[in-house]
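What follows is calculated from the coordinates using simple rules that are stated; it is not laboratory data. Note that the structure is a prediction, hence the values are computed from the model and not measured. Positions of Cβ are backbone-derived with ideal geometry, glycine not excepted, and every protein chain shown enters the neighbour counts.
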Amino acid sequence: MEKFRLLHERLRDSGVAGAANLHRPGRARPALLSLAHCPEYLDRFLGNRLGEREAKRMGLPWSEDLVRRTCIAPMGTLLTAQLALKHGIACHLAGGTHHAHYDFGSGFCILNDLAITARALRAGGLVKRVLIFDCDVHQGDGTAAILAGDPELFTCSIHCEKNFPTRKSRSDLDVGLPVGLEDDGYLAVVEETLSDLLRQLQPDLVLYDAGVDVYAGDPLGRLAVSLTGLAERERRVLTLCREHGVPVATVIGGGYDDDRPALARRHALVVEAAHQLWRQ
């Protein structure tokens, strides 16, 4: 939890985030969450009635604070997407809970903010086609499963193949990477994949999961991308979206490190890249 506060403080202290561009989301109502989740599952989670196996799979201890934060985060991603459609880009300082499935939580993910946002935007007539471009080191299995069979909400996951989850869902496009892949090979895959998708799909919006657990030092990663490579990924992804004229909303995705300030610095890279590119 500490990384979220540290991320905000870093961006505030560097002048990237301030009163003029910060927005605070409210709490999502069950009707919004039900666009991507089973009402019975929502009732069990909100009311602290999850079974022992469900709670263990979720990976987080239930508390009122957890419920509050969990119900705010999807609204943050939805607000970010709405702001991106208006301004060309917006960045959420949380989100990326892509392991949450329709009727269960998994891998520290309880509600799938990406699937909720994509469904809500289309239901509101704001978009027709969305590309969810997921660069977390772990496959976005929950997002893929929830949105399966909906070609207008296209899911792409670029992840380490031999990593969590063991049983993967089928995204519209899955790109499994070998353990230990370094900067050059990784960046080439990301850039080529996104360039092709932007050209083929011509989406109205990109939801970009900028997971930093691809970093070489991440204990749950298994790839070998350097800090320089991570910063270059953010620059290339956002530049491609801008060159194609496609609005992009970013979420921070996964990142795990006992050095919380260092982790916050890695999460800040995508926001700093956005600030630099759109300031030009």
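Computed quantities for the displayed model
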read-out: Per principal axis, descending, Cα span of the stretch 1-81 in whole Å; value: 45, 26, 17
read-out: Order by protection proxy (mean Cβ within 10 Å, highest first), peptides 54-64, 107-117, 246-256; value: 107-117, 246-256, 54-64
read-out: Dipole axis of the stretch 2-279 (+1 Lys, Arg; -1 Asp, Glu on Cβ), positive-most option in 25, 270, 59; value: 25
read-out: For the chain, calculated [θ]222 nm from helices alone, where every DSSP H run of n ≥ 4 adds -39500 (n - 2.57); value: -14500 deg cm²/dmol
read-out: Relative contact order %, the chain, counting alpha carbon pairs below 8 Å whose residues are six or more apart; value: 21 percent
read-out: Net charge of neighbours whose Cβ lies under 12 Å from the Cβ of residue 95, counting Lys and Arg as +1 and Asp and Glu as -1; value: -3
read-out: Inter-part distance where the stretch 30-68 and the stretch 226-280 are each reduced to a Cα centre, Å; value: 30 Å
read-out: Candidate values (i) 66, 44, 40; (ii) 56, 51, 33; (iii) 48, 41, 40, label of the one derived for Cα extents along the principal axes in Å; value: (iii)
read-out: Distance cut-off 29 Å, percentage of C-alpha pairs in the stretch 59-204 lying past it; value: 15 percent
read-out: Efficiency of FRET from Cβ geometry, residue 259 and residue 65, R₀ 41 Å, rounded to 0.05; value: 0.95
read-out: Cross-link table 56/162; 86/168; 86/162; 56/86, entries beyond 31 Å C-alpha to C-alpha; value: 86/168; 86/162; 56/86
read-out: Within the chain, percent of DSSP bridges classed antiparallel, to nearest 5; value: 5 percent
read-out: Options 94, 118, 140, ranked by Cα towards positive dipole end of the stretch 92-211, top entry (Cβ charges); value: 118
read-out: Percent breakdown of C-alpha pair distances by 10 Å bin, ordered from the shortest bin, for the stretch 57-137; value: 17, 50, 27, 6
